[in-house]
Amino acid sequence: MKKILVFVADGFEEIEALSVVDVLRRAELKCDLCSIKDEYVRGTHDIIIKSDCIIDNINQDEYDAIVLPGGLPGADNLLDKRVKDMAVKFNNEGKIVAAICAAPQTLEAFGLLDDKKCTSYPGFIKGRDKVNYLEDQIVVADKNIITSRGPATALEFAFKILEELGYSEKSKQIKQDMLVDFYVEHIK
């Protein structure tokens, strides 16, 4: 079974973190909310969550992917040496490194978006010299790096992570079970 780590730091965007955890757990994958500081973490909209683990107490070799939710100052708070070291290690090993909303700027600061196709919340990484920014995409996957736009794209981001982990059929089934296809069809 694949294991995924979703980092949370004070000021994280709740929808972006919890949508990923929800979808991956529906797929029966091990998905841990990992704090970079304290057991309890306050989101950008004052929702307090209890993390499953703290970064200093994990065995990172047990995980197959890491996810950085956005939100401010959450994405800025992920500019942490331990997060960077793990993101760089995962990237070098070809493991999934995913970021949404403001968090792609964190990956960019770590040097992981150089010459990569990516997206983010409007204005966060557009115009940076070393990235190939795609403004008209909901989710962008370039090899093992996955990026997405923001809160409204959180479910598609989660489904893309699931697909890139090798669970395309489960992704389709969960979309059906959650009425995602029904919703998309009816908003057109």
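Each reported figure results from applying straightforward, stated rules to the coordinates on display, with no laboratory input. Small disclaimer: the values here were computed from a predicted structure and weren't measured. Because the Cβ atoms are built from the backbone with ideal geometry, glycine has one as well, and the counts that use them run over all protein chains shown.
Near residue 159, within a Cβ-to-Cβ distance under 13 Å, what is the net charge of the other residues, with Lys and Arg +1 and Asp and Glu -1? If you can, show how the numbers build up before the last one.
Values: positive: 26, 160, 170, 172, 175; negative: 22, 156, 163, 164, 169, 177, 181.
Surrounding charge for residue 159 is -2.
Which whole-number percent is the relative contact order of segment 3-187 (Cα, under 8 Å, 6+ apart)?
Details: 386 pairs, mean separation 36.4, N = 185.
The value is 20 percent.
What whole-number distance in Å separates the alpha-carbon centres of segment 126-168 and segment 78-120?
Between the Cα centre of segment 126-168 and that of segment 78-120, the gap is 12 Å.
Between residue 115 and residue 179, what length in nm is gained on full extension when 0.36 nm per residue of separation is reduced by their alpha carbon distance? List each step's numbers first, then the result.
Values: separation 64, 0.36 × 64 = 23.04 nm, distance 3.61 nm.
Taking residue 115 through residue 179 to full extension adds about 19.4 nm, to one decimal.
Nearest 500 deg cm²/dmol is fine: what mean residue ellipticity at 222 nm does the chain get from its DSSP H runs of n ≥ 4 alone, each adding -39,500 (n - 2.57), divided by its residue count? All intermediate terms of the calculation are to be shown ahead of the outcome.
Working: 7 runs with 64 residues, N = 188.
My calculation for the chain gives -9500 deg cm²/dmol from helical runs alone.
Using the 10 angstrom Cβ neighbour count as an exposure proxy, how do 97, 83 rank, fewest first?
Details: 97 25, 83 21.
Placing the least packed residue first, the sequence is 83, 97.
Using the structure shown, list the pairs from 84/175; 2/84; 117/170; 81/116; 3/160; 95/160 with a Cα-Cα distance above 24 Å, or answer none. The partial results should precede the final answer.
On the way: 84/175 32 Å; 2/84 21 Å; 117/170 26 Å; 81/116 22 Å; 3/160 15 Å; 95/160 14 Å.
Distance filter (> 24 Å) returns 84/175; 117/170.
Out of every Cα pair in segment 78-133, what percent are spaced more than 12 Å from each other? Display every interim value, and only then the final one.
Values: 957 of 1540 pairs.
More than 12 Å apart: 62 percent of the Cα pairs in segment 78-133.
All other residues with a Cβ under 15 Å from the Cβ of residue 14 taken together, and with Lys, Arg as +1 and Asp, Glu as -1, what is their net charge?
Details: positive: 42, 50; negative: 10, 13, 16, 22, 46.
With Lys, Arg at +1 and Asp, Glu at -1, the neighbours total -3.
Which value results when the Cα radius of gyration for segment 3-187 is divided by 2.2 N^0.38 Å? Can you show the working numbers first?
Working: Rg = 15.1 Å, N = 185, 2.2 N^0.38 = 16.0 Å.
It is 0.94.
Report the label-to-label distance for residue 30 and residue 56 in nanometres (one decimal), using points 7 Å from each Cα along the Cα→Cβ vector.
Distance between label points: 2.3 nm.
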